[in-house]
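The values are calculated or read from the model by the stated rules, or taken from the named source; none is laboratory data. All figures in this text were calculated on a predicted structure; none of them were measured in a lab. All Cβ positions, even for glycine, are placed from backbone atoms using ideal geometry, and neighbour counts span all protein chains on display. SASA here: full protein model, heavy atoms, side chains in, ligands and nucleic acids out. Shrake-Rupley method; radii C 1.70, N 1.55, O 1.52, S 1.80 Å.
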Amino acid sequence: MNIERLIKMANDIGDFFNAESDKEAASIGIRNHILRSWDPRMRREIIDYCEKDGSALHGIVKIAIDDLARFS
């Protein structure tokens, strides 16, 4: 899948969960959503992107993706 599309999808998920006042809970929500809903190849691509650059990801999304890397 196109990495720009994955970045947009991840940031959109982050925007939804960022409304949560507890940012740790928001990060866990992002991680769990991606873990449940994304194909393993999509998860691997966004993890690779985050590890190599990650500059287009929102801060809370980066935290969630770093955490996701431990589950994948």
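Checked against (1) touching an Asp or Glu at 6+ places or on another chain (Cβ under 8 Å); (2) surrounded by fewer than 14 Cβ atoms within 10 Å (Cβ to Cβ); (3) hydrophobic (A, V, I, L, M, F, W, C), Leu6 meets all criteria but (2). Residues in the range 44-57 that are closer than 15 Å to Arg70 by Cα, open to solvent by less than 40 Å² (accessible area, probe 1.4 Å) and without any contact (Cβ under 8 Å) to a residue 40 or more places away in the chain: Ile47, Cys50. Put simply, of Asn11, Asn32, Asn18 the only residue that is surrounded by 15 or more Cβ atoms within 10 Å (Cβ to Cβ) and more than 22 Å from Met1 (Cβ to Cβ) is Asn18.
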